[in-house]
Each structure stands twice: as structure tokens, then as C-alpha cells.
1. What residue, of F495, F544, is in a loop (DSSP other than H, G, I, E, B), out of contact with any Ser or Thr (no Cβ under 6 Å at 6 or more places or on another chain) and under 26 Å from S461 (Cα atoms)?
2. Is it the case that I441 is in contact with a helix residue (DSSP H, G or I) (Cβ under 7 Å, 6 or more places away or on another chain) and under 27 Å from I349 (Cα atoms)?
3. Within the range 485-521, work out how many residues are small (G, A, S) and crowded, with 24+ Cβ neighbours inside 10 Å.
4. Looking only at the range 187-222, filter to residues that are modelled with pLDDT under 95 and of a type in the set (D, E); which one of those is farthest from T232 (Cα to Cα)?
5. Given the conditions (1) hydroxyl-bearing (S, T, Y); (2) touching a residue at least 24 places away in the same chain (Cβ under 8 Å); (3) part of a helix (DSSP H, G or I); (4) surrounded by fewer than 19 Cβ atoms within 10 Å (Cβ to Cβ), and given that Y181 satisfies all but one, which numbered condition is not satisfied?
6. Could you please find all residues in the range 569-595 being surrounded by 21 or more Cβ atoms within 10 Å (Cβ to Cβ) and free of Cβ contacts under 8 Å to residues at least 24 places away in the same chain?
7. Considering each of R343, R372 in turn, give the residue that is more than 16 Å from E584 (Cα to Cα) and touching a residue at least 40 places away in the same chain (Cβ under 8 Å).
Amino acid sequence: MSNPFFEPWTTPFQSPPFDRIKTEHFKPACEAAISAHRAEIDVIAGNPEPPTFVNTIEALERAGEALERVGSVFHNLTGTMSDDALRAVDLELAPVLSRHSSAIALNAALFGRVDAVFGERGTLGLDAEQARLLERKRTWFARRGAALGQADRDRLAAINERRSVLGTQFGQNVLKDESGYILLLDTVEDLAGLPVDFLSGAAALATERGHAGKHAVSLSRGAVEDFLTHSTRRDLREKLLSAFLARGEGGGDSDNRAIIAETLALRDEAARLLGYATYADYKLDDTMAGDTAAVYDLIDKVWKPGREQALRDKQRLQAMIGEEGGNFDLAPHDWRHYAEKLRRADYAIDDAELRPYFQLDRLIEAAFFVARKLFGLVFEERKDVPVWHRDVRAFEARDANGKHVALFFGDYFSRASKQGGAWMSGFRSQRNLGGERRPIICNTLNIAKPADGAPALLSLSEAHTLFHEFGHALHGMLSNCVYASLSGTAVSRDFVELPSQLYEHWLTTREVLTRFARHFETGKPIPDDLIDRVHAADKFNQGFNTVEFCSSAYVDMDAHMAGRPRDPMQVEAATLERIGNPAEIPMRHRSPHFSHIYSGDGYSAGYYSYLWSAVLDQDAFEAFRETGDVFDPGLAKKLRESIYSAGNLRDPKDAYIGFRGRLPSVEPLLKARGFA
């Protein structure tokens, strides 16, 4: 069988030949790549020469390229093009890949060589990046148990293998619940209040699911939030939100509660083997925050004023219900609907008025425009690059001199085979070791696809998401590091959200809105007074947003401080009671579908990082405001050099100080949300 992974890629930029890659290619390619990587590791670990930076640390950097090539494609497609066959391969390969990773991380001979080089670091004449790489390599091995005794290393490897399977199952279960559900709208009455563009996408989805002539709503977050905002059918709002909140908790094959309990127990056991009191202590030991006390302190500072604002808003929403003649108490499925009415009353603005100005194509252009103004990047669409789905778009990024910088893919529309949410990922990371290698980066979103010929119109929230993920993409595309292990987004978890959240600020600048927010029918620019109203409404509903996020952050932390709870749902309930969470505001991510922390370890005991980075991004954008030019060239140059292109070349605190000259405080964030 011809397998593209065993052949050179002759595609533009040597990008993956998606038009030739099939599910059956992954297992043999992965097995061969693991075998090749294992052989490379054996050579390094068994080298009879004394360990040096070149024959050990740089050798590790050069190893595993074949596995990176296979793995990056495989993991991207399992998130965007999943089907039964690919899910089966994913479950089969998860423990195999985990065993391979553990075999490297727990290789005593290999760690001995790394540790020996680290011990001589002061005499090696290393430059700053080499010293940083050495420190991070040694930390990587130590935090994964390389210094443990044999019995503990064996147990840790078994724990890691089981966790990899559980994380894969968790994500597949959430996708199963999401893709297996639609709210079918049968009658004209079911459509009451829904905007025309929403109905266009709902009609297209119904047709795709075999219900031509009707309308359907999926469980993608954007679709759910739009429906809750606009639908005047309170019963249907309740039905859809109930299904959304119940993902992963249905009692059947896709129920995640037992997976959560086992995952938490295994994480706790692993942390204790590594010498930490809890898994949260383990995770935070290598972050910008540093410890659990700092995390709780930050959440507490934002939670208290946020909750107070939410309770004030609750009273106003309840009063509005009464004024309309409603004889019911405000419920979770009511909040967004009445908040939109309140926004209209307070600021003469609503989503229906804004949406016609936010066309997907023009927002993509806007994101590219900001990248050109700040960093000199120019994007050109490439039709000659293979893609994995007909809706995916490919763009080449070049610098001001026309030099290739990166290949960028945008996968914007929701579909049944795609996991919910939005994220940035990559098919190739940047590095300069052994010659310049430029990255291949992807943004994945879940925007409802409109009917053929209709424009995709976004809410302001969805527009922010597009800019957010493109900020991540720029972090990967602009990277300029010698070593791939330090490049792009390979930074501390509570620092990685800074480039993305900061980039969102440019979306609503007057310079961007007047140029790109144009009415999809008339082509006229968004009126100045509407921009003024958008800015005036910046602080609106921030109580809700803060409560929704912070409750999830608290539950994440409490769950990973609780040791090995038999019933994690009791932990969730106890946390919500402890913090006095308003019943009308559900967590943004309930535990059974909290993929950030259970579908892999990425944000486990780390969901707070969005809030930590929010402190940074508010302060960072304030620096541009202070210049009087949101595209100030000098500041943009510092931003690129210190943040966007610097990867993990230095400690995140030093990186931020390199840009701003100091560390930030929480006050700008509180002020931006109207809490101070």
C-alpha cells in the first residue's frame, strides 16, 4: 500500500498531502515513526562519548521528526474529521504513544546524560537560548519522573498510559453527545425571534441531517448561545440548554463521570509519586503563577466584584420579566435572552443590529490587516495547497520583503465530525536548528455554516473568538527560535493566552471597524454612532461573564486539590455552594464536558490561565493606548520581539517585562470590566 507518510511531500511548502492521506495510513506510519524515534533515542542514551550539549541536548531536538509529521496530522484530523474508523485508531494508538513518551521521559540513562550536561552548564559557554533549552530539557525529564526509582517509574508509565486512554475516551464521548443531537424546529412558531442569518444556517443543518424543509440547532457553543439570545420560545431555550449542559452526563456509553473520577485519582497518584501534595501543586510549580495560593488569590479578586455585579444585573433582568408580564423567576435559559434586551435598552444596541456588519470573509481580512499593520505580514490565499475538507482555506504569510513566513489554514465552519470549541494547532513547528524551517499553523472554529450563497455573519462574541485564535496563530507563525522545543506556543500555560487575548483588543478599534465592518447587503461601513455604542457597552454583562468563567476555574482547582474524590460531581456541587454561585448562571464548562481539563492534561489545574493572561493583556493593550496609536511601530516591534516571536526563550515574567518594562497588576482588568 502506498503510504504518503513514507514518501517525501512535494506539495507547496511541503504541507501534508491531505488529498492522499487516509485513515488506514496512520497506524503503520505511526508504528514506523515510533520505531525510528526509539532508535534515535537509543543512540543518544547509549552514546559511549561523554555527554555534551551537542550529542545529547541538540541530538534530542533533532530526533523524532517522522513522529511529529505523522502525529500532527493525526491529532488535527481526529479533532476536525472524526468518524468511527478514525476514533477506533485513536483509541488504539493512544496507549501506544503514551508508552513511547514514557519510555523516553523515564529513561534513566538518557536522563543521566541530560543531568550531567546540566551539572556542567556554567562551564560550557552556552548562549542564552542554549542555556534556556538545557534548563527546560532537564526540567521536562525531572517533572516526568526520570529521577524516580525503577518501581515508581514503572507505575508512573502505567498511570500515563491509562490517562491517555481516558482522555481520548472523554473527548470522543463529548463529541458523540454533541454530534448526536439536534434540536429540530418543526413549526413557524418554533422560529420566533430567530434572525434571518441564523435561520439560514439552521435550514442548512436540517438538510444535512436529513430533515430538508425544516430547521435544526446543534450543540456547538455559538449556535446554542445565539439561540438562547434570540429565541422567544422559552420552552425551546430550556430544552436546548438542558441538552448542552448534560453533555457527558447522559448515563449511557458516553457518560464521562466515571472517567473523571479515575482521571483525578490517577493524577493525584502521579503527583504524589513526584513529591507533590496534590496534582494542582504539581501543575502550578512550573507556571507563571507559581502556586495554588496565587491562583486562588487572583480568582477571588475578580470573583467577588463580578458576582456582586451579576446579582445586581439579576435584579434588573427579573424586573424586566415582570414588566413584560412574565410570571416566572429568571432561569439559566433566560439570562442571555433578557440580557440582550437590557443591552438594547441601556445602549441602544443588540446582536441583530451588529451581526450584518460582521461577515466572516471581511473579519478574516481584518485579522490579516492587523497583522500587517503590527508585524508587516501579508497573507495570500493559496488554492494549490491540499486541504482536509472543502471548507478549509489555506493562506501563505509573507513578510514585508516577500519572504515566506508561514502557511496558515483556517477551518471555520461547524460540522458533525468536528469537536466543539475553537483552537489553534500546528502541522509543523518553527525551528532554525539545521536550517530554517517555517511553521504550518491552523485555526479551527465552529461557526454555523450558512446556506449556499448566503454570507456567514458572526456575533460580536464569535468575531472575538476569530481574533483570539488568530492571535495564537501569530504566536506560532512569527516564532524565531533555534530550537523547536522553545518555539511558538511552547510556553507556560498561564502565559500562552496573552498573545491571543491581547489580539482581540484590535477587533473593536475604530481603525479596524470602519474599514472592515461593512453591511453585507449595502456595503456601507458601520456607523460611527454604532461603534460608540459598542465601546460604551464594553462593560455590559461582565458580571455574568466573570461568574460563568470563574465558577469553572474554581471547580477545576478544587477538583485537583481534592485528592481522589469518589464522586467529582459532589466536588463540583460543593464548590458552587462554597462560592455562592448564582443558580441562574451555569458554569461555562461543567465537569462531564470540561474538555479543557479532562480531554488531555493541557489546562488541568490551569483553566485559571485565561484570567491570569487577561491581567496581562489589559495592561499590554493599555501600553498602545498610552502612545495614542494602537499600531505604534516602536511598541509593535517590542511586542513582536518580546512576545510573539520569542517562544519560550526566557521566563514569562522576564518576557513581559521586556515588552512593558514592568509587571502588571489586576486593577486594569477590574477597571475594564467595570468593577473598579
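The values are calculated or read from the model by the stated rules, or taken from the named source; none is laboratory data. Since the structure is predicted, the reported quantities are computational estimates derived from the model, not experimental observations. Please note: Cβ atoms are built from the backbone with ideal geometry, for glycine as well, and neighbour counts cover all protein chains shown.
1. Values: F544 fails: in a loop (DSSP other than H, G, I, E, B).
Unique residue meeting the criteria: F495.
2. Working: in contact with a helix residue (DSSP H, G or I) (Cβ under 7 Å, 6 or more places away or on another chain): yes; under 27 Å from I349 (Cα atoms): no.
Here the answer is no, as I441 does not meet what is asked.
3. Filtering the range 485-521 for residues small (G, A, S) gives 485, 487-488, 490, 492, 500, 517.
Among the residues that remain, those that are also crowded, with 24+ Cβ neighbours inside 10 Å are: 487-488, 517.
Total satisfying the criteria: 3.
4. E208
5. (3)
6. Matches in the range 569-595: V571, E572.
7. On the way: R372 fails: touching a residue at least 40 places away in the same chain (Cβ under 8 Å).
Of the residues listed, the single one that is more than 16 Å from E584 (Cα to Cα) and touching a residue at least 40 places away in the same chain (Cβ under 8 Å) is R343.
Here's the yes/no breakdown for (1) over 31 Å from the mean Cα position of the chain (by Cα); (2) closer than 15 Å to E269 by Cβ:
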{"position": "F111", "(1), (2)": "yes, no"}
{"position": "D115", "(1), (2)": "yes, no"}
{"position": "L124", "(1), (2)": "yes, no"}
{"position": "D127", "(1), (2)": "yes, no"}
{"position": "R136", "(1), (2)": "no, no"}
{"position": "R144", "(1), (2)": "no, yes"}
{"position": "G149", "(1), (2)": "yes, no"}
{"position": "D152", "(1), (2)": "yes, yes"}
{"position": "V165", "(1), (2)": "no, no"}
